[in-house]
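> Let me begin by handing over the structure; questions about it come next.
The values are calculated or read from the model by the stated rules, or taken from the named source; none is laboratory data. Everything numeric in this text was worked out from a predicted model, so none of it was measured. Glycine gets a Cβ as well: all are built from the backbone with ideal geometry, and neighbour counts include every protein chain shown.
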Amino acid sequence: MSPVDAAPSPGEGWDFSDDSTLIRLLARNAESFPDRAAMREKSKGIWQEITWSELLDIVLSFAAGLESLGFEPGDTMLVVGDNRPRLYAGMLSAGALKGYAMPAFADATLDEINHFVHEAGARFALAEDQEQVDKMLELRAQGAAIEHIVYDDPRGLATYPQPGLISWDTVQIRGAERLVQDPSLREKLIRRAEPDGPAVFVHSSGSTGKPKGIVLTHRNFLAGVRNAYRGGAFGFDETILAYLPIAWVGDFAVTLGAGMALRFTINVPERQETVLHDLRETAPTFYLAAPRSWDNLLTTIQVRMEDSSRLKKAVYQFFMSSSLAAERRKLDGKQPSLGQKLLAPLGELLVCGPIKDQFGLSRLRGAFTGGEAIGEDTFIFYRALGIKLRQLYGQTESSAYNAIQGPDEVRLHTVGRPLPGVDVRISDAGEILIRSGSVFGGYFKQEEATREALDGEWLHSGDAGYLEPDGHLVVLGRLSDVVHTARGERYIPNYIENRLKFSPYIKDAAVLGRDRDSLAAIVCIDKEAVGLWAELRGISYMSYADLSQKPQVADLVAEAVRHVNGTLPAGQQIRRFVCLHKEFDADDGEITRTRKIRRNVVESRYAPIIDAIYDNRPTVLMKAQVSYETGEVGVIERTLAVQEA
């Protein structure tokens, strides 16, 4: 018996190899801890518990039922919806049958999903509810070969006459009957999947074109989990909130990868709108969020403090100022002053502790940010609050885990050291190369792209960066984004864009300058943060477009731009900018679902703005096409001011 399959005593950790599968790990947990909670789902305001033994029964029953519908090894099951226990169980079932579970973003457009379905020839779909079922039926009407559509929530679907529609309950009951009729089938399903078989079929972000298919094996994911575990990212028996999009590799890597291997308690929020409330109720011990989520949470804290009494605000500002100053000294390699040390316990009692408790952050042992750089002020705030927020660097092609910062060894400009089991070197071109058991085997049916990405055991990450003398890794941005101005100045737009987004008032930015004399930017303000700022100053506005063009808002953004310019060489400083009248939108193709800029789309769509900036015009009349939730397309027309930075 391999170490990964050995049953530990309660509370005891054990080392594990990557020579297993997610379904075998689930079976191990069900045998060793049958009555312990594996998943908890918030439904109608009440947390419903699923034990490890119950979860195994659900997965095996659905797998047996799915097989009875004709699901075979190599088949693909599209999974569409928000986080739901049955969608997670369905993905485990598909993997157990040696098939491909292909999660898609809940808000993905028909064109995006159609690309996935045709790419893999998906015959099966698992849909959360009526909204997602309607998408599947529309795709089928357009020619997609989706034969069977299994749905979780039956509301509104009772009268649908289309063939191939079947409820989760029906499939599970059918599978349970098969397991009773053939007692040996249970063990066969547990053992059928192989370590080098597919665990999940995910996609690259698609920032430079169509998203590429990436099949990650059980071995890939377990190697990544093992590396992260040994690097101190998480331990056994963590409590997590499964709220990240199921189509993002980070969710699968944490929720199902680490969740099965390290027997996490997985809490599923009632709705995306209730995540903050559910976060407080679950009080997770591990929490991974994108910088924007940490920014939004900080904004919520600040808004609530603005609404509190004058005394509470004074106490908050006094103790947080001391704590922030102490944390800045730590980041500079200095010790906090004696006064800061003396104030810390009282500040924890009166300010930091109550805030963490209010937002469900009081039990956090592992707090991580990833996906892009996080703002200095946001990062230091959480560290000052007593949350040891750390940066994590990973990517889809390497099962999400490459490098992390140590709890007490953080630097604002690095992502920490490579994890144990991860080798990193820098190519002559300045590209980060990665070698690990977590690295994928190639893009799905794309041999040329695979040859470009893999050089033997080494993965070309596509990121530019360097290693510091003590082993800390610095990520500068996408290597493909390295461009030059007309004066020969080399710069990485994404690097500057991330630093602009450090401002709470800037949600997105696109830096311009390729083959131009100087750099400029198109900026999308953050409506919530700027709206609050305007409200506190008595500045009225009618809409996002109206707010974005207020002179006071232009000055606010200009201040943020000047702050970033102060950290950049003269040739890389932004000279002019425009506040866009709308946000960059994934439905409009301007950004990916993970909020990465599709630069070619932005530069093409907003060519009139770019021309106005470099022609030194004071304003530009912009007409922009927008896509509404109904599928209709409209046009927004607005005169935008070109600002000097």
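> Are any of the residues in segment 574-595 over 30 Å from Glu131 (Cβ atoms) and part of a helix (DSSP H, G or I)?
no
> In segment 324-363, what count of residues is obtained for those that are touching a Lys or Arg at 6+ places or on another chain (Cβ under 9 Å) and among the small types (Gly, Ala, Ser)?
4
> May I ask you to say which residue of Leu165, Leu222 is surrounded by 20 or more Cβ atoms within 10 Å (Cβ to Cβ) and either out of contact with any His (no Cβ under 6 Å at 6 or more places or on another chain) or in the same structural domain as Glu281 (by TED's automatic domain parsing) (or both)?
Just one listed residue meets the conditions, Leu222.
> Name the pairs whose Cβ atoms lie under 9 Å apart, with the first residue in segment 70-93 and in contact (Cβ under 8 Å) with a residue 12 or more places away in the chain, the second basic (Lys, Arg) and assigned to a helix (DSSP H, G or I), and 6 or more positions between them or separate chains?
Filtered contacts from segment 70-93: Pro73/Arg192; Val80/Lys135.
> Going by what's in this entry, would Phe71 be described as assigned to a loop (DSSP other than H, G, I, E, B) and either within 23 Å of the chain's Cα centre (by Cα) or surrounded by 19 or more Cβ atoms within 10 Å (Cβ to Cβ) (or both)?
yes
> Condition check: within 30 Å of the chain's Cα centre (by Cα), assigned to a helix (DSSP H, G or I) and without any contact (Cβ under 8 Å) to a residue 24 or more places away in the chain. Does Pro345 satisfy that?
So Pro345 fails the test.
Listed here are the residues, each with its yes/no results for (1) β-branched (Val, Ile, Thr); (2) assigned to a helix (DSSP H, G or I); (3) at pLDDT 95 or above.
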{"position": "Met1", "(1), (2), (3)": "no, no, no"}
{"position": "Phe16", "(1), (2), (3)": "no, no, no"}
{"position": "Lys42", "(1), (2), (3)": "no, no, no"}
{"position": "Ile50", "(1), (2), (3)": "yes, no, yes"}
{"position": "Met91", "(1), (2), (3)": "no, yes, yes"}
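> Among (1) modelled with pLDDT of 90 or more; (2) buried (at least 16 other Cβ atoms within 10 Å of the Cβ); (3) closer than 20 Å to Ser427 by Cα, which single condition is Ile496 missing?
(3)
The rows are residues; the columns are (1) under 17 Å from Gly213 (Cα atoms); (2) touching a strand residue (DSSP E or B) at 6+ places or on another chain (Cβ under 9 Å).
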residue	(1), (2)
Ser93	no, yes
Tyr100	yes, yes
Pro103	yes, yes
Gln130	no, yes
Glu138	no, no
Ile146	no, yes
Leu157	no, yes
Thr170	no, yes
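> Looking only at segment 93-111, count every residue that is at pLDDT 95 or above and over 11 Å from Ala127 (Cα atoms) and tell me the total.
10
> Only one of these is modelled with pLDDT of 95 or more, more than 20 Å from Ile492 (Cα to Cα), among the hydrophobic types (A, V, I, L, M, F, W, C) and surrounded by 13 or more Cβ atoms within 10 Å (Cβ to Cβ): Ala586, Ala558. Name it.
Going through Ala586, Ala558 in turn, just one is modelled with pLDDT of 95 or more, more than 20 Å from Ile492 (Cα to Cα), among the hydrophobic types (A, V, I, L, M, F, W, C) and surrounded by 13 or more Cβ atoms within 10 Å (Cβ to Cβ): Ala558.
> Now, a different point. For segment 553-574, does any single residue satisfy the condition of being within 30 Å of Ala106 (Cβ to Cβ) and not aliphatic (A, V, I, L, M)?
no
Quick grid of which residues meet (1) surrounded by fewer than 18 Cβ atoms within 10 Å (Cβ to Cβ); (2) touching a residue at least 12 places away in the same chain (Cβ under 8 Å); (3) closer than 28 Å to Ala258 by Cα; (4) not aliphatic (A, V, I, L, M):
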site	(1), (2), (3), (4)
Leu392	no, yes, yes, no
Leu419	no, yes, yes, no
Asp423	yes, yes, yes, yes
Tyr443	no, yes, yes, yes
Leu479	no, yes, no, no
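> Among the residues of segment 575-582, are any closer than 21 Å to Thr299 by Cα, within 24 Å of the chain's Cα centre (by Cα) and touching a residue at least 12 places away in the same chain (Cβ under 8 Å)?
Yes; the residues of segment 575-582 include at least one that is closer than 21 Å to Thr299 by Cα, within 24 Å of the chain's Cα centre (by Cα) and touching a residue at least 12 places away in the same chain (Cβ under 8 Å).
> Please work out if Thr255 is touching a Pro at 6+ places or on another chain (Cβ under 9 Å) and not basic (Lys, Arg).
It is false that Thr255 is touching a Pro at 6+ places or on another chain (Cβ under 9 Å) and not basic (Lys, Arg).
> Could you give me the residue pairs with C-beta distances under 7 Å whose first residue belongs to segment 174-199 and is in a loop (DSSP other than H, G, I, E, B), whose second residue is of a type in the set (Lys, Arg) wherever it lies, and which are 6+ apart or on separate chains?
Here the result reads Ala193/Lys98; Pro195/Arg219; Asp196/Arg219; Gly197/Lys98, each pair linking segment 174-199 to a residue that is of a type in the set (Lys, Arg).
> Within segment 93-129, track down each residue that is in a helix (DSSP H, G or I) and β-branched (Val, Ile, Thr).
Ile113, Val117
> Take Asn498 and decide whether it is more than 23 Å from Leu298 (Cα to Cα), of a type in the set (S, T, N, Q) and in a helix (DSSP H, G or I).
No: the conditions fail for Asn498.
> Further question on the same structure: Checking Lys356 against (1) at pLDDT below 95; (2) assigned to a helix (DSSP H, G or I); (3) touching a Ser or Thr at 6+ places or on another chain (Cβ under 7 Å): exactly one of these is not met. Which one?
Only one criterion is unmet by Lys356, namely (1).
> Could you tell me which of the residues Val180, Val150 is under 30 Å from Ala27 (Cβ atoms), of a type in the set (Val, Ile, Thr) and in contact with a Leu (Cβ under 6 Å, 6 or more places away or on another chain)?
Step by step, each of Val180, Val150 is checked, and only Val150 is under 30 Å from Ala27 (Cβ atoms), of a type in the set (Val, Ile, Thr) and in contact with a Leu (Cβ under 6 Å, 6 or more places away or on another chain).
> Next question, about the same structure. Which number in (1) touching a strand residue (DSSP E or B) at 6+ places or on another chain (Cβ under 7 Å); (2) surrounded by 12 or more Cβ atoms within 10 Å (Cβ to Cβ); (3) at pLDDT below 95 marks the one condition that Gln625 misses?
Of (1) touching a strand residue (DSSP E or B) at 6+ places or on another chain (Cβ under 7 Å); (2) surrounded by 12 or more Cβ atoms within 10 Å (Cβ to Cβ); (3) at pLDDT below 95, only one is false for Gln625: (2).
> Name the pairs whose Cβ atoms lie under 6 Å apart, with the first residue in segment 299-326 and under 26 Å from Ser337 (Cβ atoms), the second of a type in the set (Ser, Thr, Tyr), and 6 or more positions between them or separate chains?
As it stands, the answer is Met305/Tyr316, since those pairs meet every condition given.
> Can you list residue pairs whose Cβ atoms sit under 6 Å apart, with the first residue in segment 246-270 being over 17 Å from Ala233 (Cα atoms) and the second being part of a helix (DSSP H, G or I) and of a type in the set (S, T, N, Q)? Count only pairs 6 or more apart in sequence or on different chains.
Asn267/Thr282
> Same structure, new question: For residues that are at pLDDT below 95 and either touching an Asp or Glu at 6+ places or on another chain (Cβ under 6 Å) or closer than 22 Å to Pro198 by Cβ (or both), tally how many sit in segment 402-441.
The total comes to 1.
> Something else: Inside segment 509-532, can you point out the residues that are without any contact (Cβ under 8 Å) to a residue 40 or more places away in the chain and not in a loop (DSSP other than H, G, I, E, B)?
Listed by number, the residues that qualify are Ala509, Val530, Gly531.
> So, one more: Is it the case that some residue within segment 70-86 is of a type in the set (S, T, N, Q) and touching a Phe, Trp or Tyr at 6+ places or on another chain (Cβ under 9 Å)?
Yes, segment 70-86 contains at least one residue that is of a type in the set (S, T, N, Q) and touching a Phe, Trp or Tyr at 6+ places or on another chain (Cβ under 9 Å).
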